[in-house]
1. Working only within region A:82-107, note down all residues that are facing chain B (nearest Cβ under 10 Å) and among the polar types (S, T, N, Q).
2. Looking at region B:275-293 only, could you name the residues that are more than 17 Å from B:Gly77 (Cα to Cα), modelled with pLDDT under 85 and in contact with a helix residue (DSSP H, G or I) (Cβ under 7 Å, 6 or more places away or on another chain)?
3. Checking the condition modelled with pLDDT under 85 and farther than 13 Å from A:Phe277 by Cβ, which residue from A:Glu335, A:Glu317, A:Glu328 passes?
4. Being at pLDDT below 80 and within 26 Å of the chain's Cα centre (by Cα) narrows it down to one of B:Ser161, B:Ser198, B:Ser154, B:Ser175, so name that one.
5. For A:Ile67, work out the one condition from (1) surrounded by fewer than 22 Cβ atoms within 10 Å (Cβ to Cβ); (2) of a type in the set (A, V, I, L, M, F, W, C); (3) within 14 Å of chain B (Cβ to nearest Cβ) it doesn't fulfil.
6. Within region B:161-172, can one find any residue that is closer than 22 Å to B:Pro251 by Cα and either of a type in the set (Lys, Arg) or touching a residue at least 60 places away in the same chain (Cβ under 8 Å) (or both)?
7. Would you point out which residue out of A:Asp382, A:Asp341 is under 32 Å from the mean Cα position of the chain (by Cα) and in contact (Cβ under 8 Å) with a residue 40 or more places away in the chain?
8. Restricting attention to region A:76-106, report how many residues are of a type in the set (Lys, Arg), surrounded by fewer than 16 Cβ atoms within 10 Å (Cβ to Cβ) and within 18 Å of A:Thr62 (Cα to Cα).
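The values are calculated or read from the model by the stated rules, or taken from the named source; none is laboratory data. Small disclaimer: the values here were computed from a predicted structure and weren't measured. So basically every Cβ, Gly included, is an ideal-geometry build from the backbone, and we count neighbours across all protein chains shown.
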Amino acid sequence: MAVEPGEPKGRQGAAGSALATSVEVEGVRREFGSFVALDGVSLAIRPGEFLTLLGPSGCGKTTLLRILAGLDVADAGKVRIDGQDVGEIPAHRRPVNTVFQSYALFPHMSVRDNVAFGLKMKKVPAAEVVRRVDRMLDLVQIATFADRKPAQLSGGQKQRVALARALINEPKVLLLDEPLGALDSKLRKELQVELLALQRRLGITFIFVTHDQEEALVMSDRIAVMRAGRIEQLGDAEEIYERPRTRFVSQFLGTCNLIEGKATRREGLAVLVETPFGELRVEGHGAPATPTPDSPRETLTLAIRPEKVRMSPAGEEGENRVPVTVRELIYIGSETHYLLDAPGGAILTAYAMNARVGSQGFDLGKAATAVLPPAGLLVLDD
Amino acid sequence: MAKKGAKPGLEIRFGERLTPARQAVRSALTSGPGILWVTVFLLVPLLAVIAMSFLTRGSYGEIGLPLTFENYTRLAGFGAFGFDPLYPLVILRSLVLAAGTTLVCLLAGFPLAYFIVRLPPRGKQIALTLVVIPFWTNLLIRTYAWQILLGPESLAAKVASALGLAEAGRPLYPSLGAVYLGMLAAYLPFLVLPLYSSFEKLDWSIAEAAMDLGADAPRVLRHAILPQVLPGMIAGMILVFIPAVGQFVIPDLLGGARTVLLGNAIQQQFGASRDWPFGAAIAFVGMAIVMLGLSFYARTAGKDSEEALL
C-alpha cells in the first residue's frame, strides 16, 4: 500500500511547515443555473499532502478542481494557494497544473512538444527546455515515445505524457481529475503505485479527484468525501473507513450494516441502544452525537462494517448477540461473505475469515449467531 | 471475406467473393452513374474548352483550323501590336480580388463562427438560418439591394457623412469598400459553415490544457484552437476563393468603372467579341491557376500547415 514503508502516511507533508497551508478553500460556492455544484466548501490542504476528493458524479469534486485551476470561477468564497488569494489570477498565471481526465494532449504535437509546451510558454531558454524535457521523459519512462504523436500512444502512455506535461512546470500544486479512470484495472494499480512514489519524491501537493473508493483509500494522505456540493467528511483513510460519520460515507466507502434504534441509557462511555435485534451495547468511537442521559430516547442509526461482525454457532447467549439464519453465502477462499436474515426482516452482512481448517460450520439456511462487538458499533450523525 | 474452408452451404452475404463477371457488373452499377455524370457534364465540356482554345477564330467569329498557340501568347500579353500587359493584369486583378475577399471573409467569419458555436442550441439554429437566408435570393438582386443600402439617401450614407467619412448626399458606391462589402455578403456563408462545423467538433479541454500550462488568450488561440479548426478554415477559404476568382457582377455593380476581370473577360469573348477560342483560353488559364494553387497547397501546406503554425 504505502510506497515507503515505515513512515506513516500523512506525516511527511506536514513536517517542516506544520502551520503553513498549501491550498486554502474558504466557503466556495458555485451554481449552474438552479443546480448547486458547490455549496460552501471549506478545506485546508497541507504542503506535500496527497488529498483525494472522493464522491459520486455530480458531487462537485471536478468543479472544485476547476476552480482551483482557474478554469472555473466561484460565485462566492475564497481560494488561496501558498497564502496568496488567487481569485483575480487567471488560469495561465496560477502556480498549479492539471492532469485532465481525457488527458487533453495536443493532438498535432509530438510527445516531446507536448511536454515542452509549458516551458515554452514561460520562455525558458531552448537548451534548458531540451534538458528538462529529457529528464522528465525519463522520469515518467516515456523517452522511447518522444517523437510519437498522441494518437499513436496507448492509454497508459498518454497518461504518462499528461503527467509529464504538467509536472515539468514544477507546480506548487498538481490537480488530477480522475487521471486513471480510463485505464484497465491492472495498469491502474501499477500507475497508482508509480504516482504515489513520484509524489513522495517530488514533494508536490497533489489534489486527486476520483469516484473510486479503493483508489482513494490506497493513495491518499487524507480523503474528503463529497456529496451534493459539500464535504461530508474529511480524514485519513483509516478514519474515513473505520469511523464514518454519516450514512452516506459509510455506504460510499465499502459496505456497512445500518441499524436503526433508540438510545435508552449510558453506562460510562458506552451507550445502550434499543434496536429490532434487542438492546445493543455501543462503544465505538466517532460518535459525537452520543446521547446524553438528559435526552435518552433519541433515534439513532448504528453502523457496523461486515468484517467486524463475528459469526458464532446458533444459540449462543450474551451481550450483542443476534440470532440469524444464513440466507446466502459467497465463498471467496480466504474469507466467506454471509448474507444473514436477522430479526425484524433486516439483513446483516458479515465477512468472516475462514480461519478454521475444513468447514466453517455456517451452512446455507442454517441458524447461527451474529456477534456485533460493542467497539465495532458506531453511532452515525444522521 | 469468405474463408477458404467455408462450407458451400454457409453463404456469407457481406463481402462474398464474386466471380470476375459479377464483380464487373456490380462495379458498373455502383460507380457507373457517377462516372457517366462526370464524363458527360465535366470531362467532355472541359476537353471541348481546352480543344477550342487551340483553334483559330475566323473573320465572322466562326471557329476553325489551323491549330495555334496564338490565344495563349495573346493572353500572356504578346498581341498583334507588341507587348500589352492588359490580360496578365486582368488575371492578377481577379486573383487579388479573390484573395482580398477570402481575407475579408476570414476576418469576419472566424469570430462569427466562434460566436455561433457558443450560443445555446436554439440560438445556434437561428443564427445558422440567418447565415443561409441570403442564398434564397438571386445574387444579382442582392447586389442591387446593396446599391439601395449604400445609396445617397441610405442610413449608411448619412452616418458616414455625419462622421465626416463621406460627402453628404453622395452614395457610398462605387468604391472599393462597396465591392468588398458586396463580396463579403455573397461569400461569407461559404466560409462560416465549414468553419462552424470545425468549431462544433472542437475539444475545449485542449484549450483549457493550454491555458493551464501558461498560455494566454492569443496563444491558446494559436496553439490549441487554430490547429483544431484549421481543416474547416482552409476548406472554407477554398470555397470562397474559387468562385471569387470568376466573380465580376459585384465589382461591376458596386465598383463602377467597368474593370475587366477574368469573369467578364470570358463573358466578353464568348459574347460581344465572338472570339470563342480566346475566351476558352482565358477560362482554361484561370482554371489552371486555381488548380495549380490547390495542388501546391495539397502537396506542401496540407501536411505542414499545422506544424508551420507552431
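1. Matches in region A:82-107: A:Asn97, A:Thr98, A:Gln101, A:Ser102.
2. Here is the first cut: in region B:275-293, the ones more than 17 Å from B:Gly77 (Cα to Cα) are B:276, B:287-288, B:290-293.
Subset that is modelled with pLDDT under 85: B:276, B:293.
If the condition is that a residue be more than 17 Å from B:Gly77 (Cα to Cα), modelled with pLDDT under 85 and in contact with a helix residue (DSSP H, G or I) (Cβ under 7 Å, 6 or more places away or on another chain), then B:Trp276 is the only one that fits.
3. Values: A:Glu335 fails: modelled with pLDDT under 85; A:Glu328 fails: modelled with pLDDT under 85.
Sole residue among the options that is modelled with pLDDT under 85 and farther than 13 Å from A:Phe277 by Cβ: A:Glu317.
4. Numbers: B:Ser161 fails: within 26 Å of the chain's Cα centre (by Cα); B:Ser198 fails: at pLDDT below 80; B:Ser154 fails: within 26 Å of the chain's Cα centre (by Cα).
Exactly one of B:Ser161, B:Ser198, B:Ser154, B:Ser175 is at pLDDT below 80 and within 26 Å of the chain's Cα centre (by Cα), namely B:Ser175.
5. It is condition (1) that A:Ile67 fails.
6. Yes, that holds for at least one residue.
7. On the way: A:Asp341 fails: in contact (Cβ under 8 Å) with a residue 40 or more places away in the chain.
One residue alone meets the criteria, A:Asp382.
8. Step one: of region A:76-106, the residues of a type in the set (Lys, Arg) are A:78, A:80, A:93-94.
Retained after the next criterion (residues that are surrounded by fewer than 16 Cβ atoms within 10 Å (Cβ to Cβ)): A:78, A:93.
Next, from what is left, pick out any that are within 18 Å of A:Thr62 (Cα to Cα): A:78.
Count: 1.
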